[in-house]
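S.K.: Handing you a structure now.
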Amino acid sequence: MAVIPSICAALTGRTWLEDIRSRDAPDPRDDGIGLLAETLSGMVPERGRFGLSMGAETQLRMPPGDFAALRARLDPRRFEDATACLQRVREIKSEAEIARLRTACAIAGRAFVRVPGFALPGRPLDAVFSDFQIALLEEGADWASCVAGGAAPDGYGDVISPAGPDPLAPGDILMLDTCAVKDGYFGDFDRNLAIGPASETARRALAALWEATEETMAALSPGLRACDLHAMLAEGIRRRGQGPRASGWATGWGSR
């Protein structure tokens, strides 16, 4: 079921959804809360409950005042935290979803192959970011939801600041991270490049991270948790004389 603004009705009608309830929008007097409350109250009895994602990675996507009004209209029905249930459903991917993820990652992979052609000494970092976004689109991405990264001698300490005009220089380690989007699925990974020959410090860090990653991947088995894998990878990096950072990057090198 979809409860949506009328501008979305034609597009939504081309999906598998059959029950589409639309409204004129925007309407400052009642921007959809009335229709949503009417719809939900017809689905759940007065003493019933709604499961709603309330934990990590949750977005309400409506003004807090509207949500308060919705809850008041649906009272005495209760809203309860269904984060764990919804996360478990999302974790298990269908074959169709896996295929879309592979497609999105392949697009990003092809764009990364092109990076050495424009990430050259003297090229401003912000221009490299722009060229990378163009490469993602040319390789088939619907859009690039974000491009992050950084560059500095032997490694970067910041990968969330906007790219500036500083030029790349020999000895820099450049990291580019992307969320290339195709059909609503994200190819989210990063790669690192040395601008000119990498220093011995950078080579040791990369070797430690690569070996620890391969070791951790070989240990993958059903039942392991993400925190278990993180601990295994961090310990593998330490055993090789490097120190993993809290952000997940080891000594200036990003993940594989």
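Quick note: the coordinates plus some simple rules give every number you see, no bench work behind them. Keep in mind that what you see is a predicted model, and the values were worked out from it rather than measured. Cβ atoms come from the backbone with ideal geometry, glycine included; neighbour counts cover every protein chain shown.
S.K.: Per residue and in Å³, how big is the convex hull formed by the alpha-carbon atoms of segment 95-198?
M.R.: Values: hull volume 9.1 nm³, N = 104.
Convex hull volume per residue, Cα atoms: 88 Å³.
S.K.: What's the magnitude of the charge dipole for segment 2-88 around its Cα centre, counting Lys and Arg as +1 and Asp and Glu as -1 at the beta-carbon? Answer in Debye, nearest 20.
M.R.: Magnitude of the dipole: close to 200 debye.
S.K.: Could you give the dipole magnitude of the chain about its Cα centre, charging the beta-carbon of Lys and Arg +1 and that of Asp and Glu -1, in debye to the nearest 20?
M.R.: It comes to approximately 500 debye.
S.K.: One quarter of the convex hull surface, Cα atoms only: what value does that give for the chain in nm²?
M.R.: Hull-based average projected area comes out at 17.7 nm².
S.K.: Taking 0.36 nm per residue of sequence separation and subtracting the Cα-Cα distance, how much length would be gained by fully extending the chain between Ala231 and Phe79, in nm to one decimal?
M.R.: Gain in length upon complete extension: 51.2 nm.
S.K.: Towards the positive end of the charge dipole of the chain, with charges on Cβ (+1 Lys, Arg; -1 Asp, Glu), say which of Cys146, Ala119, Ser221 has the farthest Cα.
M.R.: Checked the options; the winner is Ser221.
S.K.: State the antiparallel share, in %, of DSSP beta bridges confined to the chain, rounding to the nearest 5.
M.R.: Values: 22 of 30 bridges.
Among the beta bridges of the chain, antiparallel pairing accounts for roughly 75 percent.
S.K.: Also, quick follow-up: Listed highest first by mean packing, meaning other Cβ atoms within 10 Å per residue, what order do 217-225, 232-240, 171-179 come in?
M.R.: Sorting 217-225, 232-240, 171-179 by mean packing, highest first, produces 171-179, 232-240, 217-225.
S.K.: Quick one: helix 200-218 against the long Cα principal axis of the chain, what's the angle to the nearest 10°, folded into 0 to 90?
M.R.: It works out to around 50 degrees.
S.K.: May I pose another question? Once the Cα gyration tensor of segment 123-256 is diagonalised, what are the square roots of 5 times its eigenvalues, in whole Å and ordered largest first, as equivalent ellipsoid semi-axes?
M.R.: Each semi-axis is the square root of five times an eigenvalue, giving 26, 21, 11 Å.
S.K.: Also: What angle, in degrees between 0 and 90 and rounded to the nearest 10, separates the Cα long axis of helix 95-114 from the longest principal axis of the Cα atoms of the chain?
M.R.: Long axis of 95-114 versus the principal axis of the chain: about 40 degrees.
S.K.: What is the helix-to-structure angle for 226-239, meaning the angle in degrees between its Cα long axis and the longest Cα principal axis of the chain, kept from 0 to 90 and rounded to the nearest 10?
M.R.: 10
S.K.: Now for a different question. What is segment 33-79 by shape, rounded, prolate or oblate, if you read a ≥ b ≥ c off the alpha carbon gyration tensor as root eigenvalues and call it rounded for a/c under 1.5, prolate for a/b larger than b/c, and oblate otherwise?
M.R.: Judged from the Cα gyration tensor, segment 33-79 comes out oblate (a/c at least 1.5, b/c at or above a/b).
S.K.: A follow-up question, please. Ignoring everything except DSSP H segments at least 4 long, calculate the 222 nm mean residue ellipticity for the chain; use -39,500 (n - 2.57) per segment, divide by total residues, nearest 500.
M.R.: Calculated mean residue ellipticity at 222 nm is -12500 deg cm²/dmol.
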